[in-house]
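One structure is given here, and the rest of the page talks about it.
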């Protein structure tokens with residue numbers, strides 16, 4: 001049912017002007033503005049798994065993604081471009097007035113072109129109405145992601161020792177949080 005409501009919403013809120021201006025006046029609309037965020041569907045899993053595998057030495061399995069799609073307290077979104085297709089995804093758990101970003105990933109071929117920022121901005125705006133804080137963990141070696149999170153106001157709140165599997169054993173996780181109540 002949600003799938004059909006999303007498609008109806010997309011038809012009603014579609015902004016054809018952006019695509020028109022992008023085609024008629026190249027460079028007049030940013031790539032990020034042409035990206036679309038929508039709910040993830042089971043049919044997206046092949047693309048999601050491909051992106052996951054390109055980014056991680058220890059990727060999530062298909063069953064993990066399927067469990068996230070089934071869970072009532074998880075939000076699963078994808079980011080796509082009309083020409084390119086699916087370029088990223090974001091999975092968020094929500095409970096007890098908090099949101100926790102479980103996985104946010106962008107295809108390496110289009111990283112640093114606005115998809116990660118667009119998904120984060122969308123997610124922050126969505127969860128702001130339902131939560132007080134957003135949490136996430138990130139590898140200290142993922143400096144690009146840390147820069148993105150910091151630019152959106154996330155602050156370090158701690159470290160989880162030996163959190164991630166790594167080639168040389170384990171890697172710590174930097175814990176970040178964003179207080180969305182204070183941003184209203």
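Observations
- Among residues of the stretch 51-70, those that are in contact with a strand residue (DSSP E or B) (Cβ under 8 Å, 6 or more places away or on another chain) and surrounded by fewer than 13 Cβ atoms within 10 Å (Cβ to Cβ), counted: 2
- Inclusion of residue 129 among residues that are at pLDDT below 95 and either assigned by TED's automatic domain parsing to the domain that holds residue 77 or over 18 Å from residue 93 (Cα atoms) (or both) is warranted.
- Residue within the stretch 152-163 that is surrounded by 11 or more Cβ atoms within 10 Å (Cβ to Cβ), under 21 Å from residue 73 (Cα atoms) and touching a helix residue (DSSP H, G or I) at 6+ places or on another chain (Cβ under 7 Å) present: no
- Residue in the stretch 150-172 that is over 17 Å from residue 51 (Cβ atoms) and assigned to a helix (DSSP H, G or I) present: yes
- Figure legend. Inter-residue proximity from the stretch 83-96: first residues more than 15 Å from residue 126 (Cα to Cα) and assigned by TED's automatic domain parsing to the domain that holds residue 118, second residues in a strand (DSSP E or B) and at pLDDT below 95, beta-carbon distance below 8 Å, spacing 6+ or different chains. Indicated pairs: 87/81.
- Checking residue 24 against (1) farther than 22 Å from residue 163 by Cβ; (2) at pLDDT 55 or above, the condition it does not meet: (2)
- Index of the failed condition, residue 48 passing every other in (1) surrounded by 14 or more Cβ atoms within 10 Å (Cβ to Cβ); (2) in a helix (DSSP H, G or I); (3) at pLDDT below 90: (3)
- When residues in the stretch 80-92 are screened for being in contact with a strand residue (DSSP E or B) (Cβ under 8 Å, 6 or more places away or on another chain) and surrounded by fewer than 16 Cβ atoms within 10 Å (Cβ to Cβ), 1 of them pass.
The values are calculated or read from the model by the stated rules, or taken from the named source; none is laboratory data. Since we're looking at a predicted model, the values are computed, not measured. A quick note on method: Cβ atoms are made from the backbone with ideal geometry, for glycine too, and the neighbour counts reach across all protein chains shown.
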